[in-house]
Number of protein chains: 2
Amino acid sequence: VSPRPFQVRELLIALNRQARTPLAHQLENQLRDAILRGRLASGQQLPSTRMLAEQLGVSRGVVLRAYAQLGAEGHLTLRQGANPLVRVVGVPGPDILSGVHDGDGPRFRYDLRPERPDLSQFPRGQWLRSLRHALDTATDAEVGYIDSRGLRSLREEIARYLARARGLAVTANRIVITGGSTHALVLIERVLVRQGKRVIAFENPSHELLHTLSRRAGLEPLGIPIDDDGLLVDELRRSAASAVVAAPAHQFPIGLTYSKERQLELLRWADETDSLIVEDDFNAGFRYDRAPIGAIQGSAPERVAYIGSISKTLAPGLRLGWAVLPASLVDDVAGELEGAMQHLPALEQLALADFVRRAEFDRHLRRLRGIYRKRRDLLVRTLRNELPQYPVRGIAGGMHVFLELPSVADEANAWARARQAGLGVESIGEHALAGYGGPRGLLIGYGAEHERALIRAAHELAGAIRESVGRGDKPRPLTHLA
Amino acid sequence: VSPRPFQVRELLIALNRQARTPLAHQLENQLRDAILRGRLASGQQLPSTRMLAEQLGVSRGVVLRAYAQLGAEGHLTLRQGANPLVRVVGVPGPDILSGVHDGDGPRFRYDLRPERPDLSQFPRGQWLRSLRHALDTATDAEVGYIDSRGLRSLREEIARYLARARGLAVTANRIVITGGSTHALVLIERVLVRQGKRVIAFENPSHELLHTLSRRAGLEPLGIPIDDDGLLVDELRRSAASAVVAAPAHQFPIGLTYSKERQLELLRWADETDSLIVEDDFNAGFRYDRAPIGAIQGSAPERVAYIGSISKTLAPGLRLGWAVLPASLVDDVAGELEGAMQHLPALEQLALADFVRRAEFDRHLRRLRGIYRKRRDLLVRTLRNELPQYPVRGIAGGMHVFLELPSVADEANAWARARQAGLGVESIGEHALAGYGGPRGLLIGYGAEHERALIRAAHELAGAIRESVGRGDKPRPLTHLA
């Protein structure tokens, strides 16, 4: 039950200092991989943080982060004053091999990741009704090889919905149905690459996944600073980018809304430089204090590619989203789908068309807004009571808040302590691009956990933050780890 | 009603002699585009074949082919001894703009395209039952962000099914769920491109769409000749290709089955040259005279990437297929999906898992085999009665036969005459890669048309062939066109 101590050289851990992936993530990934592939057996001891750090030539903080994450995921048992132990739960199964997106990702005691929807709210009964309608009414041609832009009936419903609810200037002809908004972005990026583009600008910070996928698509993501009014267009103007991804209605992860002036400035930049704005409206349906601001696409449909999905509003597993495109891009983006025979499934498209047509979508959103608003209020109240010294930022919308902390070190320490406690928060640092110099802190999602769990989690999190913040400027080792 | 004659210079037709697309196809596409975009109004006269051929500097046959195709599609009214007239039916709608896959493609009086399934056979009731089961039993995580390889429950059912029905050596861990078999091929090709591969070999002839998509993915498709036993492995050995797409159980479009010796020779090539065989088992479930031969993947699971789908057996609109992969490729292929957040929809996966588990899939295939076998018998009998001089080739399987004709010219003339009559056949030439020197003729599908329509179509087709074959070695202009 207590095998010989783990020898690091057996593991063939190879950290790449040139890679963009932080060393702690690399180490974490390689250790997880070794555990899942059975190279590290259950009960196996890992070296102490000090010993592994020495052998790898990295700081102890790097090892500490990796251990804390794996502990939170349940792959390691962390023991006060002793080496961590590998913990293999059941038959791991290669379903969770590293390198492959593993469904819901790491498991946490409380899932506080930002922008995670409450999957239990998916309206199964109503969706079945729409699927039945789809099966009852689909023509034979509609279950055949369909238009790569998506079924016309869905594009028409989405056009009507977006014009009404988000103020878009849109007809069905401008819409390409995709497998989600991120998928839509990647398709647009592939077209940009074919056009010879090499750089794409992002708000700094913005969602890390989008940066990673942009690189994979062949574009270099460039971070443009933001202030309280939105992206700094002057910085964009000075950059080499001829395309920018922005979320004016609700910036992720800071949670601000662009001022009207900044929106106009951004549109002027696009006009004057003949550039493209990709408007990521990933959750603009969710504003709790007032009506959300309209999409900027409505002011400049030939300058803006608008992307959205039902991943946050219905369920990610349905894999349906859309791009609303300038005329010049419609065929090219549809061609990217066509080029891989990657049309979206017909029955789901027909079901969504029915769901939107019967106004079930509106009804469902109204219901969800009530649920998330209440969770947000609870979370914000708890954080303000427990941690009055740290501001809670972000508009009353979406599914997370941004808790600002004094420094990078505080962010890192709070994150590590929270993760170690099984609290699945994220940090600004995870979503920052090179050159980031803005506020730091934690991103705390309230979408996935129900009210009572959320309150418990918020109290635990406040404790973890109190324990770890303001204790100096350097990331502080968690002393009870060996 | 009879506007001034059409002036060709107004149309901005630009033919590219360097392009791989045949001139007739280019002309046809540009004319269709002009009609659909409203640049050519209804009732507008087109120039005579002779005049347009002169102005474009092409042979009259090129114009003739283009006109015949557009006539068959209903975009032109072809008139004996007079110029064709543009015919705009209803509001065309930008749904059918060129460059975008237009659903079921061109409309024919009889759809005799090869490998088109009978969409009316899609078992809607049973599928709804499986969808209801999916909605009743899906976990919240399953409708969340799922494993990019597909849901485990589906991969397990597909693994069991393929092992049983097709003799594969497979576990769920080796399967990646895709949006169809062509989608699976493109994902594999993207991995090959990332590995630095530049050439992919195909049987010559093989499906044209696969060649086009390979080029788009960044690979040069290379045609390898076939004989009655299958692909000529010696030719493959002499080529630069380190990957080949082959369909040993049922070659498309010739319709042969590889001999056991040739299968082994192909596997030896893969072993000796460390190369990859992509086994396209697009319709191997459909063999009517005996059990289909097993997949060669079963003999060499580390050398063969097996691809398949339910497009022919259930419906293309479901967009579900699979790749069964060597261990070394699983993560890379899943990574291609992951890299575009392009996971396949969860409920459809769960529904298919249920459909296979309840043996509805087997039952449905058995029923379909009965239907297609009868249609094949009818078609073959009619063709043999009416055209005893031309051999009908291909095993008793799939959804088309190959009617061999004496020469390239005969093939071209018969194709044009058939298309002009609204008979949607295809020809060997459409699917040939450079250097093809094998048999010529028409590909006649019997999947999409019901029995009585099929018999009528076969009689009409026989007439068209009798009128157009054996009248000389050059493609013969259709004299009643102006």
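A compact table of results
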item: Cα-based Rg of chain B normalised by 2.2 N^0.38 Å, two decimals; result: 1.01
item: Using alpha carbons only: equivalent-ellipsoid semi-axes of the protein assembly as shown, gyration tensor based, whole Å; result: 53, 33, 25
item: Test item: B:312-318 mean partner chain Cβ contacts at 10 Å; result: 6
item: Dipole of the protein assembly as shown, positive end: most advanced residue of A:LEU40, A:GLY218, B:PRO114 [Cβ charges, Cα centre]; result: B:PRO114
item: Unsatisfied cross-links (Cα-Cα over 28 Å) in the set B:LYS197/B:LYS312; A:LYS197/B:LYS197; A:LYS260/A:LYS312; result: B:LYS197/B:LYS312
item: Total formal charge among the other residues, if their Cβ is under 10 angstrom from that of B:ILE188, Lys/Arg +1 and Asp/Glu -1; result: -2
item: Sequence-distant residues sharing a close amide H with B:THR178 (under 5 Å, placed H); result: B:GLY321, B:TRP322, B:ALA323
item: Label distances, nm, B:GLY167 versus same residue in remaining copies, Cβ-directed 7 Å point; result: 6.5
item: By average C-beta atoms within 10 angstrom, highest first, the peptides A:166-172, B:314-320; result: B:314-320, A:166-172
item: Sorted peptide list for A:431-441, A:56-66, criterion being average Cβ within 10 angstrom, highest first; result: A:56-66, A:431-441
item: Other-copy label distances relative to B:GLY463, 7 angstrom Cα-Cβ extension, nm; result: 8.8
item: Pseudo-label separations to other copies for A:LYS260 - Cα-to-Cβ vector, 7 Å, nm; result: 8.2
item: For B:ARG440, distant residues with modelled amide H under 5 Å away; result: B:LEU405
item: Förster radius 41 Å - calculated FRET efficiency between A:ARG107 and B:ARG363 (Cβ-Cβ, nearest 0.05); result: 0.55
item: Other-chain or far-sequence residues with amide H under 5 Å of B:LEU433's (modelled H); result: B:SER206
item: Average other protein chain Cβ within 10 Å of Cβ, residues B:120-132; result: 3
item: Average beta-carbon neighbours from other chains, 10 Å sphere, peptide A:136-142; result: 4
item: Value of D in µm² per second that Stokes-Einstein yields for the range A:158-221, Kirkwood Rh from Cα pairs, at 37 °C (0.692 mPa s); result: 249 µm²/s
item: Spin-label pair B:SER259/A:GLU220, simplified geometry with 7 Å Cα→Cβ offset, distance in nm; result: 5.8 nm
item: For B:MET399, net neighbour charge (Lys/Arg +1, Asp/Glu -1) across residues whose Cβ lies under 10 Å away; result: +3
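A short reminder: the numbers here are calculations on the coordinates, not readings from a lab. The shown structure was predicted, so the numbers you read here are calculated from the model rather than taken from an experiment. Quick reminder, even Gly has a Cβ in these numbers, built from the backbone with ideal geometry, and neighbours come from all protein chains shown.
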